[in-house]
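J.: I have a structure I would like to understand better, so I am pasting it below and will then ask my questions one at a time.
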Amino acid sequence: MIDNLVFQIILSDTMDYIKALEKIEMIIKSNEDVLINVVNFLYENFENYSWVGIYIVDGSDLILGPWMGPNATEHTKIAIGAGVCGAAAKSGITEIVDDVKKDNRYLACFLSTKSEIVVPIKKDKKIIGEIDIDSDKIASFNSNDKFFLEKVADMLSEHI
């Protein structure tokens, strides 16, 4: 499941992305509460990930599935096309917002959130869900996070 492209990732000071992918692969192979366990793993192992959730596509909406963070979000249902999450679901392209205060699409969830990444989960080229991660730090997400989380999204596509 993990291919040679993974080795292009530059290792983080706080977490080895390759080892993280291997651990996520083990979680997925266990086939027990896969979405919840992957969300928990991401939240607990990446210090910049201050809120992690998975939204599932239901018709023309995104419905919040498992999440982990200090507080629940009020955005449990988001129309596809609305906000950063809805934009990623509509386009099928990963969205990275370095400063949520400068992006008028951002649907405010928490005062502490400074940046966000939203990664679509695709199955047979169709958007079926997405990984949404907030950070309390400006410009917290980079190309390594994008590449890593896109791999995670590919791995999760069979579990939605």
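J.: Looking only at residues that are crowded, with 22+ Cβ neighbours inside 10 Å and aliphatic (A, V, I, L, M) in the range 114-148, which one is nearest to the chain's Cα centre (by Cα)?
T.: If we take residues in the range 114-148 being crowded, with 22+ Cβ neighbours inside 10 Å and aliphatic (A, V, I, L, M), then 131 is nearest to the chain's Cα centre (by Cα).
J.: In addition: Please tell me if residue 85 is closer than 18 Å to residue 52 by Cβ, free of Cβ contacts under 8 Å to residues at least 60 places away in the same chain and assigned to a loop (DSSP other than H, G, I, E, B).
T.: Values: closer than 18 Å to residue 52 by Cβ: yes; free of Cβ contacts under 8 Å to residues at least 60 places away in the same chain: yes; assigned to a loop (DSSP other than H, G, I, E, B): no.
Against the criterion (closer than 18 Å to residue 52 by Cβ, free of Cβ contacts under 8 Å to residues at least 60 places away in the same chain and assigned to a loop (DSSP other than H, G, I, E, B)), residue 85 does not qualify.
J.: Turning to a different aspect of this structure: Yes or no: residue 102 under 14 Å from residue 57 (Cα atoms) and modelled with pLDDT under 95?
T.: On the way: under 14 Å from residue 57 (Cα atoms): no; modelled with pLDDT under 95: yes.
No; evaluated as a whole, the condition is false for this residue.
J.: Next question. Which condition breaks for residue 104 when tested against (1) of a type in the set (S, T, N, Q); (2) surrounded by fewer than 14 Cβ atoms within 10 Å (Cβ to Cβ); (3) in contact (Cβ under 8 Å) with a residue 12 or more places away in the chain?
T.: Of everything listed in (1) of a type in the set (S, T, N, Q); (2) surrounded by fewer than 14 Cβ atoms within 10 Å (Cβ to Cβ); (3) in contact (Cβ under 8 Å) with a residue 12 or more places away in the chain, residue 104 misses just condition (3).
J.: A further question on this structure: Residue check: is residue 34 without any contact (Cβ under 8 Å) to a residue 40 or more places away in the chain and β-branched (Val, Ile, Thr)? Spell out how you get there, then give the answer.
T.: Numbers: without any contact (Cβ under 8 Å) to a residue 40 or more places away in the chain: no; β-branched (Val, Ile, Thr): yes.
So residue 34 fails the test.
J.: Report yes if some residue within the range 112-127 is in contact with a Leu (Cβ under 6 Å, 6 or more places away or on another chain), in contact (Cβ under 8 Å) with a residue 40 or more places away in the chain and assigned to a strand (DSSP E or B); otherwise report no.
T.: The initial filter retains those residues of the range 112-127 that are in contact with a Leu (Cβ under 6 Å, 6 or more places away or on another chain), namely 119, 121.
Filter once more, keeping what is in contact (Cβ under 8 Å) with a residue 40 or more places away in the chain: 121.
Those still in the list that are assigned to a strand (DSSP E or B) too: 121.
Checking the range 112-127: at least one residue is in contact with a Leu (Cβ under 6 Å, 6 or more places away or on another chain), in contact (Cβ under 8 Å) with a residue 40 or more places away in the chain and assigned to a strand (DSSP E or B).
J.: Given the criteria modelled with pLDDT under 95, under 23 Å from residue 33 (Cβ atoms) and basic (Lys, Arg), does residue 114 qualify?
T.: Numbers: modelled with pLDDT under 95: yes; under 23 Å from residue 33 (Cβ atoms): no; basic (Lys, Arg): yes.
It is false that residue 114 is modelled with pLDDT under 95, under 23 Å from residue 33 (Cβ atoms) and basic (Lys, Arg).
J.: Further question on the same structure: For the range 140-150, indicate whether the set of residues that are in contact (Cβ under 8 Å) with a residue 12 or more places away in the chain, within 21 Å of residue 44 (Cβ to Cβ), in a helix (DSSP H, G or I) and in contact with a helix residue (DSSP H, G or I) (Cβ under 6 Å, 6 or more places away or on another chain) is non-empty.
T.: Yes, there is a match, as at least one residue in the range 140-150 is in contact (Cβ under 8 Å) with a residue 12 or more places away in the chain, within 21 Å of residue 44 (Cβ to Cβ), in a helix (DSSP H, G or I) and in contact with a helix residue (DSSP H, G or I) (Cβ under 6 Å, 6 or more places away or on another chain).
The values are calculated or read from the model by the stated rules, or taken from the named source; none is laboratory data. Bear in mind that the values here come from a model prediction, so they are computed numbers and not experimental data. Heads up, the Cβs are rebuilt from the backbone with ideal geometry, glycines too, and the neighbour counts pull from every protein chain shown.
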